[in-house]
1. Step through the residues of the range 117-131 one at a time and calculate ³J(HN,Hα) from phi using the Karplus curve (6.51 cos²θ - 1.76 cosθ + 1.60, θ = phi - 60°), rounding each to whole Hz and writing x for Gly and Pro.
2. If the chain between Glu252 and Ser343 were fully stretched, how many nm would it gain, using 0.36 nm times the residue separation less the Cα-Cα distance?
3. Find how many whole Å separate the alpha carbon centroid of the range 55-98 from the alpha carbon centroid of the range 284-352.
4. Rounding to the nearest 20 debye, state how big the charge dipole of the range 1-54 is about its Cα centre with +1 on each Lys and Arg Cβ and -1 on each Asp and Glu Cβ.
5. How large is ³J(HN,Hα), in whole Hz, for each residue of the range 215-225 in order, when computed from phi with the Karplus curve 6.51 cos²θ - 1.76 cosθ + 1.60 and θ = phi - 60°, using x for Gly and Pro?
6. Go ahead and collect, in residue order, the members of the range 80-107 whose backbone nitrogen is under 20 Å from a label point 7 Å along the Cα-Cβ direction of Gln25.
7. Given a Förster radius of 22 Å and the C-beta distance between His117 and Asp179 as r, what FRET efficiency does 1/(1 + (r/R0)^6) yield to the nearest 0.05?
8. Straight distance only, please: which lysines reach the Cα of Lys50 with their own Cα at less than 29 Å, same-chain residues fewer than 8 apart left out?
Amino acid sequence: MSAISAQHVYKVFGRRSQEAVKRLQSGQSRDEVKPLGTAAVIDASFEVEKGETFVVMGLSGSGKSTLIRMLNGLLQPTAGSIAIDGTDISDVSPAQLREIRRSKVSMVFQHFALLPHRSVLDNAAYPLEIQGVAREERRARAAEALTMTGLAGWEDHLPSQLSGGMRQRVGLARALAADTDVLLMDEAFSALDPLIRREMQDQLVELQANLGKTIVFITHDLNEAMHLGDRIAVMRDGRIVQVDTAEKILSEPADDYVARFVADVDRSRVLTAGSFMSRPVVTVPRNAGPAVALREMRAAQVSAAYVVDRRRVLHGSVHDDELVAAQRQGTDTLDGLVHPDHSAVGPDTPLSEMFAPAAESRLPLAVVDDGGRLLGVVPRVALLEAMAPSTPSPASPASPDPAEGADAGTDGSADEAASQAGGDHPVAHGASAVPTEGRTDDVRVSTEGGLR
Ligand SMILES: Nc1ncnc2c1ncn2[C@@H]1O[C@H](COP(=O)(O)OP(=O)(O)OP(=O)(O)O)[C@@H](O)[C@H]1O
Ligand SMILES: [Mg+2]
């Protein structure tokens, strides 16, 4: 069962709203029904799963606030149904609705809505007070929520003594103290200046990782939407035109409106290692010796390779020059030849945080899971390509075979480009990587083609 389910929801403001809905259902446009009322939300259907952060975005007036206000019963839909945790809230008594709002859904507003003459602690405890929770318990729960939002020590201050960012933390603490499963946040961070806003976003992500709330978050800031949302609903003129993950919205916008919307998004914060890693062209088994390792690497035309054990746990990398030297000395294991890899990233690492480790790495950046298992690699060329807009990259004029150039971006030759580019790393070992002839240049050329 979804935490929130909306089915064919309409909200028309105006005296002839039912008539307007009928006409909209029979195909008339928002403008055509304008004389009957303002169609703020038109035929919205979506499900929000438990623990999901669902972002609603769209231009001013597209219907976001109207939609979220229907989710906690502040507004009644003109048509359609909304269920919270399986209970249809368009079909309950006022008393039941109050109970649902108290126990299941809390809301964080843009302008904090703090009570000026109450202390920070009492503000955070306010919803619990309304619920009739005993004083000691509500103060304890509010204090705990304030600690979660970084406000420990500020309990006795008044809202006027706090900065905007801190006031919004009180607003968030208040919603957390109520301990409802669903949090509705309408432009909750929009009034904050950009740095504080980023901080609050990060804090919300962190809280969410621990608390697993169901969050509906409204914003008209695309970067914020992409940063926070598991999925994003894009609204236009009252309609939801696309519901998808950030990545899908970037790579497959449903229409020109969405495409224009995402044109200037900061892609580096959205795309993650897991989304564009590829299979490493070669890995060396930990129990192999230098001869086997060199043979594999020669076949794949790489000068360095990752070493994994039977469970694919990453142990580090080996370098051809050192393997050759060890082989000459008659060594038959990789002991002492494996350089530990310190730059590996997790699959959720955003692109923006991958450039630094990629620059330090002689190999394509390794992507590992929590258990240290090698999931894939991200060649540096893929990082650069990912920064380019999603228009199809033109075939490289200098590449004799465009297919080869494209392919190279995701497999072995890219290893080469990356390992060569990393050859001048200060702790590079021994001789620099053995240059590989031929395809490396093609990779470079095609990369530039893609970025042009
Ligand atoms: N109480 C109301 N009475 C009449 N019209 C309303 C009411 N509330 C909203 N509207 C209209 O419904 C439409 C959607 O408004 P809504 O506030 O939901 O947009 P929004 O996407 O939240 O915009 P913003 O980004 O500016 O907050 C607008 O045309 C607005 O004028
Ligand atoms: Mg609004």
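Just so you know, all these numbers are worked out from the coordinates, no wet-lab data involved. All values reported here derive from a predicted model rather than from experimental measurement. Positions of Cβ are generated from backbone atoms using ideal geometry, with glycine treated the same way; all protein chains shown enter the neighbour counts.
1. Coupling constants for the range 117-131: 9, 9, 5, 3, 4, 5, 4, 5, 8, 3, x, 6, 4, 4, 6 Hz.
2. Working: separation 91, 0.36 × 91 = 32.76 nm, distance 3.13 nm.
Between Glu252 and Ser343, full extension yields an extra 29.6 nm.
3. Each part reduced to its Cα centre gives a spacing of 56 Å.
4. On the way: 8 positive and 7 negative charges, 75 e Å.
Result for the range 1-54 is approximately 360 debye, rounded to the nearest 20.
5. Going residue by residue, I get 10, 10, 10, 9, 7, 10, 9, 5, 5, 5, 4 Hz, with x marking Gly and Pro.
6. 80-83, 88-92
7. Details: r = 25 Å, r/R0 = 1.14.
Result of the calculation: an efficiency of 0.30.
8. Qualifying lysines at Cα under 29 Å: Lys11, Lys64, Lys104, Lys213, Lys248.
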